[in-house]
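Everything on this sheet refers to the single structure shown next.
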Amino acid sequence: MRPAGRLASGAALWLLLAARAVAAIEPISMAIAVGAASIITGYFSYCRFAECCPEQRPLNATALQLALEEKLFGQHLATEVILKALTSFRNNDNPKKPLTLSLHGWAGTGKNFVSQIVAEHLHAKGLKSNFVHLFVSTLHFPHEQQITLYQDQLRKWIRGNVSACASSVFIFDEMDKLHPGVIDAIKPFLDYYEQLDSVSYRKAVFIFLSNAGGDLITQTALGFWRAGRKREDIQLKDLEPVLSVGVFNNKHSGLWRSGLIDKNLIDYFIPFLPLEYSHVKMCVRAEMRARGAAVDEDVVTRVAEEMTFFPKDEKIYSDRGCKTVQSRLDIL
């Protein structure tokens, strides 16, 4: 909060000094300047105690990169693409459309964790921010017969929140469980419109999380492994086209035949690769450090070996990623 305080004081002082220079010939300017200085000072004082929308809050790309590299394991593609996408988007003072990311992969590979990291670097309070909104399909949109109602509610909710904060973040979890058609209600907000009903959505961020496409990602990763190639050799171009087509044609996907894909409104389809034994051990170590415990390699190995791996013959990938690491550590 200290930088905000200094900014407020500096801005107020500048306005008062400027006003004094013209006060002798233009008394109205003096009144306007004093009023503006009071508003600025009052705004930043208010933001000391309540969360304000950080319209121009710069992205600390270095901190984001460090967080992704230290906390996300085995996901070189996700780290690279998310860092690139967010940095480019936030450095653009006049984006042509909202940033829309679709994260795909099996459970436990890090999708939710990444959305949390992104939220924390866009809004200081992260998922607890008033400007970060999380929707869970099975909780917020459970009934197929109420699709029209959900569409209407979703449009109103997004319009209201973007009106309050242009840089709002919207996260849709369990997209693979969302009834097809619901998400198309927000299609106009993701398009290249300068404004819709006097509201601009261009600085907002939309993130979709889905298990759909996990099988396609695994097939590609397994193909590289069987060919003796490193997983780090997998490039976005090896997976993104397959993902977009696969999800579009998947009836068990909230993006089934969606206009968001048909009109190319999703900026990046980001694959999360299945995790190997070594990545599971990294997750265990990270969890132990997060608990303030010393890393015991015997415990790390025991937890990793209790996980089940696939395919049946090779046993390369953890079938639950790192999802059950916490509960297994609790038992040990």
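The values are calculated or read from the model by the stated rules, or taken from the named source; none is laboratory data. Worth saying up front: this structure is predicted, and the values here are computed from it rather than measured. Every residue, glycine among them, receives a Cβ derived from its backbone with ideal geometry; neighbour counts consider all protein chains shown. For accessibility, only protein heavy atoms count, side chains too; no ligands or nucleic acids. Shrake-Rupley method; radii C 1.70, N 1.55, O 1.52, S 1.80 Å.
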(request) Please give the helix 27-49 orientation as an angle from the longest Cα principal axis of the chain, in degrees from 0 to 90, rounded to the nearest 10. (result) 30
(message) Cross-link candidates for residue 96: which aspartates and glutamates have Cα within less than 19 Å, leaving aside residues fewer than 8 places away along the same chain?
(response) 55, 191, 194, 197, 262, 267
(request) Could you list the trypsin sites (Lys or Arg not before Pro) in segment 60-96 that lie in coil according to DSSP, counting only those with at most 16 other Cβ atoms within 10 Å of their Cβ? (result) 96
(message) For segment 45-106 and segment 177-217, what is the centre-to-centre distance using only Cα atoms, to the nearest Å?
(response) 17
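Leaving ligands and nucleic acids out of the surface, order 187, 97, 230 by accessible area at 1.4 Å, largest first. Present the calculation step by step, with values, prior to reporting the outcome.
On the way: 187 55, 97 15, 230 130 Å².
Ranking 187, 97, 230 by accessible area, largest first, yields 230, 187, 97.
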(request) Pick out, from 50, 79, 293, the residue whose Cα sits farthest towards the positive end of the charge dipole of the chain, with +1 on the Cβ of Lys and Arg and -1 on the Cβ of Asp and Glu. (result) 50
(request) For every helix of n ≥ 4 consecutive DSSP H residues, a contribution of -39,500 (n - 2.57) applies; sum these over the chain, divide by its total residues, and give [θ] at 222 nm rounded to the nearest 500 deg cm²/dmol. (result) -16000 deg cm²/dmol
(message) If a paramagnetic tag sat 7 Å from the Cα of residue 61 along the Cα-Cβ line, which residues of segment 70-99 would have the backbone N under 11 Å from that point?
(response) 83-92
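Please calculate how many Å² of accessible area the chain carries per residue, with a 1.4 Å probe and no DNA, RNA or ligand atoms counted. Mind showing how you got there, number by number?
Numbers: 17400 Å² over 332 residues.
Accessible surface, normalised per residue, equals 52 Å².
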(request) Determine how large the accessible area of residue 148 is when every protein chain is in place; take a 1.4 Å probe and give Å² rounded to the nearest 10. (result) 100
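Could you check how much of the accessible area of the chain is carbon and sulfur, as a whole percent, using a 1.4 Å probe?
Details: 9330 of 17400 Å².
The C+S portion of the solvent-accessible surface of the chain is 54 percent.
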(request) Would you kindly find the accessible area of residue 232, with a 1.4 Å probe and non-protein molecules such as ligands, DNA and RNA excluded, rounding to the nearest 10 Å²? (result) 110
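Over segment 260-332, how many pairs of lysines fall under 25 Å by alpha carbon, counting only those 8 or more apart in sequence or from different chains?
Values: 281/312; 281/315; 281/323; 312/323; 315/323.
Close lysine pairs found across segment 260-332: 5.
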